[in-house]
Amino acid sequence: MAEMASARAHKGIDLKHQPGFSQIAWFCIVVLYAPIAVLVLFSFNQNRSVTVWTEFSFDWYVKAAQNEGIQHAAWISLEVAFVAMVVSTILATMAALVTTRTPPYRGLNLAVAAINQPLMVPEVVTAVATLIFFAIIKQATGVTGIGYLIAAHTAFCIPFAYMPIRARLEDMDLSLEQAAADLYAPPFKVFRRVTLPLLMPGIMAGAMLAFIVSLDDVIITLFVAGPGETTLPLYILGQIRRGVTPEINAVSTVFLGISVILVTLIFFFGTDKNKGKQ
Amino acid sequence: MPEQTAEAAIDVRNTSKIYGRDRETGVVALDQVSLAIRDNEFFTLLGPSGCGKTTLLRLIAGFEQPTEGEILLFGEHLEGLPPYKRPVNTVFQHYALFPHMTVAENISFGLEMLEKPAAEIKPVVDEVLGLVQMQDLAERKTDQLSGGQQQRVALARALAPRPKVLLLDEPLSALDFKLRKEMQVELKRLQHETGITFIFVTHDQEEALAMSDRVAVMRDGLILQVGDPNEIYDRPAKRFVADFIGDINILRARIQNRDGTRARVKLEAGYEGEAGLPTDSQDLGDEVSVAIRPEQLSFVGGAIEADLSGSIQHVSYFGSGFDYEILMPSGETLTLQLQNRGADQHDYAIGDEVHIAIGSNSMQILSD
């Protein structure tokens, strides 16, 4: 039995030895990464053209850094992403605790579905709905400002922050929290001394995911952002309508760098050795 | 049966635990169990998985609430008290050590939660570390410890707050054979030195017999028999207890006459003699099962001294002894166990006609 199973595993699972495997893999990698490579390459081009290479330079980075429009947009993006990250991560942590650490109740699945709703509903629908909803509030209260944009971002960031936190909680051995309770820790101290420290990698991963998702959102921002609330993706979009310049390449490359760093951090937080299991 | 004195460390009264809506549709994990565990006792709950032993432990710890009945700790009702308000600590099956803390931090956790001053905590931590012989590893992270060391830390952590009762949920099941034997002795010693009541849950009957002052054998949410290891082994009350603990021969017999706790029985295999009666013998008919331990049988030379006879069907050797399977004229097979005492025993071989004597006081009548 065991021999048969392992023989089959050797035969069936090793996709690498299927004909055409490496060709298809290379095709996918080229399609995915060649455009990005071209973008990064031409951000260092001295020439104004994005198709003809002349000489290596940092000129476009310097220009981009001095561009007030870019500066402003970058600041707005960071402000929105940071606040949305903090608020959505706190809410997602609470949601994850309720959906994994309370006895199953009626409507639990509905609650999980509601939390994940922004992942299911087409973004443009959410965008239109949010726009109309905020318009009603603005009319009724007269309050305007960047708060609406932050609120919208917070809402769609919640499921992204929720997923890694919930996964971590489900992975965590319940008996650790029971052991703490058994050792005279009341519920709040169980949370602070045991659950939270063990959950931290999940929370960090969730927060960074939320930050990235907020940072590069276009559709909802396009609908909700008011005057003077142009985020970096919106600024880039606006510039591209007037023709691509290597300045945009430079900004995009910086953007890419930030994303790569955050994703790498998520990976390290997600795979630390204290899994809460033995 | 249970001694309902105020002295009992744990007094379980008519306690049931039902998962689901009610008795008919749900799962009855514990069925109107009553049990008194004495102070300073090494008490074992023994039974196969799903018998309710862990459920009973979790009810005492407070992780679950009983559906019916009540549990008292030294005369005090535990009802409604959450786990953190019960002066009872648990050693978990997989230890549940806090992976983000050192050994010393794990052990001091309970004392910190009891808000003991730091000056008081340090000596206690040192003391229990000494008790489990782990002084040198106080600053280690728990994932740098071997299974046996983790086990010791889990014990030290549970003992540090000086609980009134220590609950142990199959703590030895993850250890290999040799280490398990070592820890059995260790646990027994710890119980003796601390004077704390231990309630130990296991499915391993050898472990239960080796360590316990008293054992409760459980099945299907019921306690079948409570007694010291001797009683459980030599005078099993029920067929299941006899079968679950050690090897045993169960033979058909007929009761000739009864006299209090004993009765005269005639085995279908021929022999007539005295046998112990179980406590609930009034429900028994005259057709009964009689249990005899394989090591209480012996070979004898001639038919005159023999109580039973038959022919050897099978011999198995297990190092310290031999098991002989003997087919009797009644059609029943009997297992006879001999200690390995040297070469002289190879006289008995498959096919031999043999005569067997039954040790005195070794027959026990079982109820179902």
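One table, with the values for the structure above:
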| quantity | calculated |
| --- | --- |
| In segment A:255-278, residue modelled with the lowest pLDDT [restricted to those that are among the β-branched types (V, I, T) and surrounded by fewer than 17 Cβ atoms within 10 Å (Cβ to Cβ)] | A:T271 |
| Counted residues, segment B:92-122 - those being in a loop (DSSP other than H, G, I, E, B), facing chain A (nearest Cβ under 7 Å) and more than 17 Å from A:L174 (Cα to Cα) | 1 |
| Single residue of segment B:82-91 satisfying the filter (of a type in the set (V, I, T) and within 9 Å of chain A (Cβ to nearest Cβ)) that is surrounded by the most Cβ atoms within 10 Å (Cβ to Cβ) | B:T90 |
| Strands (runs of 3 or more DSSP E) completely within segment B:266-347 that count 1 or more residues being in contact (Cβ under 8 Å) with a residue 40 or more places away in the chain and of a type in the set (D, E, K, R) | B:272-276, B:321-327 |
| Criterion: at pLDDT below 95 and within 14 Å of chain A (Cβ to nearest Cβ) - qualifying residue of B:E64, B:E70, B:E79 | B:E64 |
| Top-ranked residue of segment B:27-51 - restricted to ones that are among the small types (G, A, S) and in a strand (DSSP E or B), ranked as surrounded by the fewest Cβ atoms within 10 Å (Cβ to Cβ) | B:S34 |
| Sole residue being within 24 Å of A:G145 (Cβ to Cβ) and part of a helix (DSSP H, G or I), chosen from A:A95, A:A114, A:A84 | A:A84 |
| One residue from B:E79, B:E24 being assigned by TED's automatic domain parsing to the domain that holds B:A154, within 15 Å of B:G221 (Cα to Cα) and part of a loop (DSSP other than H, G, I, E, B) | B:E24 |
| Number of the condition not met by B:D31 [criteria: (1) under 25 Å from B:E186 (Cβ atoms); (2) touching a Ser or Thr at 6+ places or on another chain (Cβ under 7 Å); (3) away from chain A (no Cβ under 14 Å)] | (1) |
| Counted residues, segment B:42-75 - those being among the charged types (D, E, K, R) and closer than 12 Å to B:S16 by Cβ | 3 |
| Test: residue in segment B:66-78 that is touching a Pro at 6+ places or on another chain (Cβ under 8 Å) and in contact (Cβ under 8 Å) with a residue 12 or more places away in the chain | yes |
| Cβ-Cβ under 9 Å pairs, at least 6 apart or on other chains, segment A:100-126 side over 15 Å from A:P159 (Cβ atoms) and aromatic (F, W, Y), far side surrounded by 13 or more Cβ atoms within 10 Å (Cβ to Cβ) and at pLDDT 85 or above | A:Y105/A:A111 |
| Criterion: surrounded by 15 or more Cβ atoms within 10 Å (Cβ to Cβ) and not assigned by TED's automatic domain parsing to the domain that holds B:G359 - qualifying residue of B:V241, B:V265 | B:V241 |
| Filtered residues of segment B:197-213 (kept if surrounded by 21 or more Cβ atoms within 10 Å (Cβ to Cβ) and within 18 Å of B:I37 (Cα to Cα)) | B:T197, B:F198, B:I199, B:F200, B:V201, B:T202, B:A208, B:M211, B:S212 |
| Where A:F27 falls short, out of the listed (1) assigned by TED's automatic domain parsing to the domain that holds A:I146; (2) modelled with pLDDT of 90 or more | (1) |
| Complete set of residues in segment B:123-174 that are of a type in the set (K, R) and either assigned to a helix (DSSP H, G or I) or surrounded by 23 or more Cβ atoms within 10 Å (Cβ to Cβ) (or both) | B:R152, B:R157 |
| Enumeration of residues in segment A:71-95 that are surrounded by fewer than 22 Cβ atoms within 10 Å (Cβ to Cβ) and under 18 Å from A:P233 (Cβ atoms) | A:Q71, A:H72, A:A74, A:W75, A:I76, A:L78, A:E79, A:F82, A:V83 |
| Residue under evaluation B:Q282, criteria (1) within 30 Å of B:N14 (Cα to Cα); (2) in contact with a Ser or Thr (Cβ under 7 Å, 6 or more places away or on another chain), criterion not met | (2) |
| Residue list for segment B:76-114, restricted to those being of a type in the set (A, V, I, L, M), touching a strand residue (DSSP E or B) at 6+ places or on another chain (Cβ under 7 Å) and over 20 Å from A:P186 (Cβ atoms) | B:V91 |
| Sole residue being out of contact with any Cys (no Cβ under 9 Å at 6 or more places or on another chain), closer than 19 Å to B:P171 by Cβ and touching a residue at least 12 places away in the same chain (Cβ under 8 Å), chosen from B:E206, B:E186 | B:E186 |
| Criterion (among the hydrophobic types (A, V, I, L, M, F, W, C) and surrounded by fewer than 18 Cβ atoms within 10 Å (Cβ to Cβ)) met by exactly one of A:L222, A:L215 | A:L222 |
| Per-region count, segment A:184-202, residues at the interface with another protein chain (Cβ under 7 Å from one of its Cβ atoms) and farther than 16 Å from B:H100 by Cα | 3 |
| Meets criteria (acidic (D, E) and closer than 30 Å to B:D280 by Cβ) for B:E170 | yes |
| Residue within segment B:213-234 that is part of a loop (DSSP other than H, G, I, E, B), of a type outside the set (F, W, Y), free of Cβ contacts under 8 Å to residues at least 40 places away in the same chain and farther than 26 Å from B:I107 by Cα present | yes |
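The values are calculated or read from the model by the stated rules, or taken from the named source; none is laboratory data. Predicted model only: the values in this text are computed from it and were never measured. Using ideal geometry, Cβ is built from the backbone for each residue, glycine included, and neighbour counts are taken over all protein chains shown.
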